[in-house]
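Heads up, the thing below is written out as structure tokens.
The values are calculated or read from the model by the stated rules, or taken from the named source; none is laboratory data. Quick caveat, the model's predicted, so the values are computed rather than measured. Heads up, the Cβs are rebuilt from the backbone with ideal geometry, glycines too, and the neighbour counts pull from every protein chain shown.
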Amino acid sequence: MNPNQAIQNPENVCFNCLKETIVHKINIPTLGWGSQFNNFSTRIQLCDNCYSVTNPDWWKLNVIKGKTDLEGEHYEYEDEILNFVNQMPLAGQELFWNRFASGAFVDIYMKAQDWIDYKQGILPYEKRKEYGLYPTQEKQEESDCDDESIIEWDEYGYPTQESLEKLEQILNGNDIRKAIKAFYSALKENYYPDCCGSTEVEVRGEIKKVWEYHTGGWSGNEDIIRVLENSWVWSLTLERYDAGGHYYFEPIEKWENTLKNNKKEKRI
Ligand SMILES: [Zn+2]
């Protein structure tokens, strides 16, 4: 079985080894905010062999709820599940991410082989245009959050009111991926050039990789922080705060899977 060839009749096919046999059919329902399955449901099918290399607890799909609504909810093992999915052959991933997927974030269904070709970076330009897609690489760069910066500075070194409002709008908009990207993009904007970036600090007794942001007491920076503070992303990413305007956030990689799914999604 060619791992890059779309499955014709997937009903009894194992997504992982691509064999047609008796399979466990596991439906993964959509969850709310905070989950990588937010507005996204799908199915995974595994033969006995492939099922046995996973942890059966994953498939109980226990939902962990945050203490507040803002923290949202997620499946206890969703990272493990998605890591497993992402190592499956593309023909299996296509079924998971495309054919069996549904939800508000899956507005563009692709022809199975087109999805696989797109993932391999060989879908012709004309077809990509039809789907409104960029080549894999371009999109990847975009999700690294190096795209447009939202914050604009005035001549006195303050963020402009318009740009703060634009940031606020995106953070509270419907597009959660755009909101996440905007959040991290804003964290790259700092009046003092060396006052933000990747570092490692102690968080609750553990050394962790974080994104640091120091306001330096500059009210322009504090204006940005105030806008970010009022978004749902804040409580899901802030790891540590030290008095005096020293903030430490989880790095954007935390959202890798959420942002990756972006490719086939377009929300209007
Ligand atoms: Zn299998």
Task: Some residue of segment 78-97 being of a type in the set (A, V, I, L, M, F, W, C), away from the ligand (no atom under 16 Å from the Cβ) and not assigned by TED's automatic domain parsing to the domain that holds Val233 - done: yes
Open item on the list: Being surrounded by fewer than 18 Cβ atoms within 10 Å (Cβ to Cβ) and either within 25 Å of Ser231 (Cβ to Cβ) or of a type in the set (Val, Ile, Thr) (or both) is true for just one of Asp79, Asp57, Asp48. Which residue is that?
Closed with: Asp79
Task: Condition check for Asn190: at pLDDT 90 or above and either closer than 26 Å to Gln169 by Cβ or surrounded by 12 or more Cβ atoms within 10 Å (Cβ to Cβ) (or both) - done: no
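Considering only segment 203-217, I want to know if a residue exists there that is of a type in the set (Lys, Arg) and assigned to a strand (DSSP E or B). Before you say what the answer is, go through the steps one by one.
Restricting attention to segment 203-217, the residues satisfying the condition of being of a type in the set (Lys, Arg) are 204, 208-209.
With assigned to a strand (DSSP E or B) added as a condition, the list becomes 208-209.
Scanning segment 203-217, I find at least one residue that is of a type in the set (Lys, Arg) and assigned to a strand (DSSP E or B), so the answer is yes.
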TODO: Inspect all residues belonging to segment 115-122 and state whether any of them is assigned to a helix (DSSP H, G or I), exposed (fewer than 14 other Cβ atoms within 10 Å of the Cβ) and modelled with pLDDT of 90 or more.
DONE: no
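Among the residues that make up segment 10-31, is at least one of them touching a Pro at 6+ places or on another chain (Cβ under 8 Å), assigned to a loop (DSSP other than H, G, I, E, B) and surrounded by fewer than 14 Cβ atoms within 10 Å (Cβ to Cβ)? Can you show your working first?
Within segment 10-31, the subset touching a Pro at 6+ places or on another chain (Cβ under 8 Å) is 16, 18.
With assigned to a loop (DSSP other than H, G, I, E, B) added as a condition, the list becomes 16, 18.
In the following step, the residues that additionally are surrounded by fewer than 14 Cβ atoms within 10 Å (Cβ to Cβ) were identified as none.
Scanning segment 10-31 turns up no residue that is touching a Pro at 6+ places or on another chain (Cβ under 8 Å), assigned to a loop (DSSP other than H, G, I, E, B) and surrounded by fewer than 14 Cβ atoms within 10 Å (Cβ to Cβ).
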